[in-house]
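The values are calculated or read from the model by the stated rules, or taken from the named source; none is laboratory data. These numbers come from a predicted model, not from an experiment. Cβ coordinates were reconstructed from backbone atoms using ideal geometry, including for glycine residues, and neighbour counts include every protein chain displayed. Note: accessible area is taken over every heavy atom of the protein model, side chains too, but ligands, DNA and RNA are not part of it. Shrake-Rupley method; radii C 1.70, N 1.55, O 1.52, S 1.80 Å.
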Amino acid sequence: MMNEQMQEMEEVSKELLKLLAAGGAGNLLKRSLDKQEKMFDKLLDTQLTAAQLVKDLLATEEKVAQTLLAGEEEMQSSLQKVQVMEAALRRASEDNASLRADSSALRRELEELRAELGRLQDDMEDDTGMVNSATYIAQLYYQISRIDWDYECEQPHIKGIHHGPAIAQPISIDSSQHSKCFVSDYLWSLVDTAW
C-alpha cells in the first residue's frame, strides 16, 4: 500500500514538473496539489485505523488473559475438590460395608468433576491459541513501526516512543497545531523503510 502511495506521489510530482515546464494552467496545478493532500489524508487515516486496531487487539488480549486466569482459578478449585473427594473416597473404603453406597455416589461425583476438569482444560487450550494469534499480530505491528503508542493520552495529542536504530525517541505531537499531512510525514519519517 505504501509503494502504491509513493508511486502516486511520484506521478503527481512528474505532472507538476510537466505543467511548470509547459507553463501549464494554475487549475491543473491546484488539482494535482489537492490530489496529493487527499493522499496524505488517506495515509494518516490508515495510520489512525491501524493504531485503533492495535488498541482493540490489546483490549481483546487483556480480556482473553483475564478469562484464562479465571479458568485457571476454577480449574484449581475443581482440582482441590477432586483431591477432597479422593480423600473422602479412601476414608469411606476403609469403613464398614454399610458405607459402600456412599462410596459409589462419591465415585460418580468424582468422575463428573474429572470430566468437568477435562472440559476446562480443553477450553483453556482453545483460549491459549487465540492469545498466541493476538500476540503475533501485536508483535508484527511493532516490528514494522517500532513505535510504542501511549493510548492513555488526551486528544488531540499523539504520544509514544519510537525505538530507532540507535536510540529510543519520545513522540509528543499536538495534532491540533499541525496538519494531518505534517503528522503523517513526521511519523513515517521515523520508520526505517529499507526492508
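Pairing each residue of segment 141-165 that is within 13 Å of residue 189 (Cα to Cα) with any residue that is small (Gly, Ala, Ser), provided the two are 6+ apart or on different chains, yields C-beta distances under 8 Å for 146/164; 147/160; 162/145; 162/168. Of all the residues in segment 185-194, those that are over 14 Å from residue 147 (Cα atoms) and among the small types (Gly, Ala, Ser) number 1. Checked against the criterion of being closer than 12 Å to residue 51 by Cβ and assigned to a helix (DSSP H, G or I), the candidates 187, 140 yield just one match: 187.
Select from segment 159-174 the residues that are within 18 Å of the chain's Cα centre (by Cα) and of a type outside the set (Lys, Arg) and write down the one among them that is most open to solvent (accessible area, probe 1.4 Å). By that ranking, first place goes to 161.
Residues in segment 139-158 that are among the polar types (S, T, N, Q) and either surrounded by fewer than 13 Cβ atoms within 10 Å (Cβ to Cβ) or over 14 Å from residue 192 (Cα atoms) (or both): 139, 143, 155. Listed by first and then second residue, the pairs with beta-carbon distance under 7 Å, at least 6 apart or on different chains, first residue in segment 171-189 and within 17 Å of residue 40 (Cα to Cα), second open to solvent by 80 Å² or more (accessible area, probe 1.4 Å), are 181/37.
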